[in-house]
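Written out below as structure tokens is the structure these notes cover.
The values are calculated or read from the model by the stated rules, or taken from the named source; none is laboratory data. Predicted model, so just to flag it, every value in this text is computed and none were measured. FYI the Cβ positions are ideal-geometry reconstructions off the backbone, even for glycines, and counts take in every protein chain you see. Accessible surface areas use protein heavy atoms only, side chains included; no ligands, DNA or RNA. Shrake-Rupley method; radii C 1.70, N 1.55, O 1.52, S 1.80 Å.
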Amino acid sequence: MGVNISELLSKKELDISTLRDKIIAVDAHLFLYQFLTTIRQRDGSLLMDSKGNITSHLSGLFSRNSKLMQQGIRLAYVFDGKAPELKTREREKRRELKEKAAIQYEEAKQKEDIDEMKKYAARTTRLTSEMIEESKRLISAMGLPVIEAPSEGEAQAAYMVKTDKAFAVASQDADSLMFGTPSLIRNLSLAGKRKKTNKLAYETIKPEMVSLSDTLNNIGIDQDQLIALGMLVGTDFNDGGIKGIGSHKGMKLVKEHGNDFDKLFETVKWDDYFDYPWTEVFYLFKKMPVTDNFDLNWNPVDRDKVYEILVEEHDFSEERINSTLDRLAQEKEKNTQKGLGEFF
């Protein structure tokens with residue numbers, strides 16, 4: 001879900017060419033959910049191979065990685081580890097919503113309502129452990145680092161930026177800001193369009209950089225207050241937040257109470273909405289486990305392995321895969337020659 005405070009963020013349009021040679025810590029699970037939600041057939045069904053295996057996530061990964069790698073961007077994919085108990089509980093609630101959407105999809109299918117089918121199909125999106133593992137295989141075959149977070153991937157990605165191991169986090173969600181990343185890149189894609197939330201239409205998008213310090217300065221709160229604001233609006237650990245409180249009303253309440261969070265959450269009647277104390281969510285953001293046990297090594301593309309995963313196992317077009325890999329090899333060769341030229 002992610003915390004919905006987009007309207008309050010300090011954003012600047014980003015020229016993607018400025019990211020050349022920069023290390024970007026990618027929120028892997030969010031990227032995969034994006035692909036599964038948007039890369040579908042006209043009736044909303046996912047792309048599949050001849051054996052009935054879903055391939056939308058692999059198609060999205062291969063395409064986006066290839067394009068960004070050709071821009072010289074050093075992607076490092078950060079995957080979630082063990083979910084906190086509160087997130088597991090919230091997932092159970094979302095599972096019920098997905099089941100309801102599946103029923104609505106079948107009803108739309110019986111009526112042959114293509115638009116409704118596509119809308120409800122996107123709401124049934126599930127990222128399975130099998131999809132995650134084969135995504136890791138493809139990412140590694142493309143020469144990119146795979147980083148296993150102890151718990152939340154966005155917390156690990158934020159930690160990497162805070163410790164100068166990466167330039168920015170790539171995600172659509174603002175959660176990494178609550179975990180303290182100094183810089184967040186949204187819309188890290190060359191596609192130029194994005195499906196509108198819960199709608200069939202698309203909107204034009206451009207990459208943008210979000211600065212944590214600029215955001216805090218502009219809205220006049222500190223990091224702890226940002227966490228409290230996110231909790232009022234709703235996070236992955238308290239889905240839905242406090243009824244009737246959006247980002248602007250939440251910001252007003254946070255400013256009124258300063259750092260007296262006991263009073264703040266008493267005022268909004270936290271205990272009426274959640275059967276656990278506000279401190280449990282707050283300190284998840286403050287104390288989420290992270291690790292220094294990861295490698296940031298970029299290797300040559302393993303052409304044979306990519307071919308095996310996509311063409312042999314999942315029926316991707318041999319011509320498409322080969323032409324894309326050829327472009328990647330040509331770009332690498334061009335950059336290598338350019339680098340050698342600097343010595344003369």
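Are there any helices (runs of 4 or more DSSP H) wholly within the stretch 199-260 with 2 or more residues that are in contact (Cβ under 8 Å) with a residue 12 or more places away in the chain and over 26 Å from Leu86 (Cα atoms), and if so which?
212-219
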Self-check item: Filtered residue count, the stretch 261-290, keeping only those that are open to solvent by 30 Å² or more (accessible area, probe 1.4 Å), modelled with pLDDT of 95 or more and not in a helix (DSSP H, G or I)
Solution: 4
Practice problem: Look at Ala158 and say whether it is under 29 Å from Ile321 (Cβ atoms) and at pLDDT 95 or above. | Solution: no
Exercise. Output the qualifying pairs, or none if there are none: Cβ atoms under 7 angstrom, residues six or more apart or on different chains, first residue in the stretch 292-309 and touching a residue at least 40 places away in the same chain (Cβ under 8 Å) and of a type in the set (A, V, I, L, M, F, W, C), second residue open to solvent by 70 Å² or more (accessible area, probe 1.4 Å) and assigned to a helix (DSSP H, G or I).
Key: Ile309/Arg137
Exercise. Give just the number: which of (1) at pLDDT 70 or above; (2) open to solvent by less than 10 Å² (accessible area, probe 1.4 Å); (3) in a helix (DSSP H, G or I); (4) farther than 25 Å from Ala329 by Cα does Gly44 not satisfy?
Key: (3)
Exercise. May I ask you to list the residues in the stretch 136-171 that are open to solvent by 10 Å² or more (accessible area, probe 1.4 Å), assigned to a helix (DSSP H, G or I) and polar (S, T, N, Q)?
Key: Ser140
Quiz prompt | Residue under evaluation Gln71, criteria (1) surrounded by 17 or more Cβ atoms within 10 Å (Cβ to Cβ); (2) over 19 Å from Glu312 (Cα atoms), criterion not met | solution = (1)
